[in-house]
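The values are calculated or read from the model by the stated rules, or taken from the named source; none is laboratory data. Keep in mind that what you see is a predicted model, and the values were worked out from it rather than measured. Heads up, the Cβs are rebuilt from the backbone with ideal geometry, glycines too, and the neighbour counts pull from every protein chain shown. Remember, those area values only see protein heavy atoms, side chains included, never the ligands or the DNA or RNA. Shrake-Rupley method; radii C 1.70, N 1.55, O 1.52, S 1.80 Å.
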Amino acid sequence: MREHDDTVPVSPLIHIVEDDSAIRESLKLLLETRGYVVDAFESGDELFARGDLANCTCMILDVNLPGDNGFDIVAKLRQRGVSTPAIFMSGRVNAAMRAQAQDAQAVAFFDKPVSPVELLATVALTTGHT
């Protein structure tokens with residue numbers, strides 16, 4: 001849990017759910033260098049076990065995960081009343097996935113490799129963090 005000091009603005013908390021450790025760590029580092037607090041998870045199960053769902057301001061999820069895919073994870077979050085904005089990404093995007101992302105009210109859907117500039121801009125707009 002992040003400590004809160006009323007004199008210092010709290011940085012937005014971002015959750016990343018990505019099974020590829022290299023991508024997961026690269027995204028985490030990219031966001032942390034921009035002042036975000038980032039928790040990274042290998043799977044939906046890990047997110048639900050350890051994630052601070054109440055304080056997360058944005059989630060970045062791979063679609064193709066072992067176990068629950070990114071869409072399944074967001075659906076489970078919505079069933080629990082968690083409405084955190086979701087950004088999806090996949091290395092194998094197709095029209096059906098794009099439609100599912102739209103149905104899930106995704107903020108964005110990126111093809112991998114994700115453009116760091118586009119991702120940072122989307123996260124900044126989503127969280128209000130500059």
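Structure notes:
- Scanning the range 98-120 for residues being in contact with a helix residue (DSSP H, G or I) (Cβ under 6 Å, 6 or more places away or on another chain), at pLDDT 95 or above and open to solvent by 30 Å² or more (accessible area, probe 1.4 Å) gives a total of 3.
- Members of the range 54-75 found to be polar (S, T, N, Q) and either within 19 Å of residue 31 (Cβ to Cβ) or open to solvent by less than 40 Å² (accessible area, probe 1.4 Å) (or both), listed by number: 55, 57
- Test: residue 38 is part of a strand (DSSP E or B) and out of contact with any Gly (no Cβ under 9 Å at 6 or more places or on another chain): yes
Yes or no, residue by residue, for (1) aromatic (Phe, Trp, Tyr); (2) in a helix (DSSP H, G or I); (3) open to solvent by less than 70 Å² (accessible area, probe 1.4 Å):
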position	(1), (2), (3)
77	no, yes, yes
82	no, no, yes
89	no, no, yes
92	no, no, no
96	no, yes, yes
122	no, yes, yes
130	no, no, no
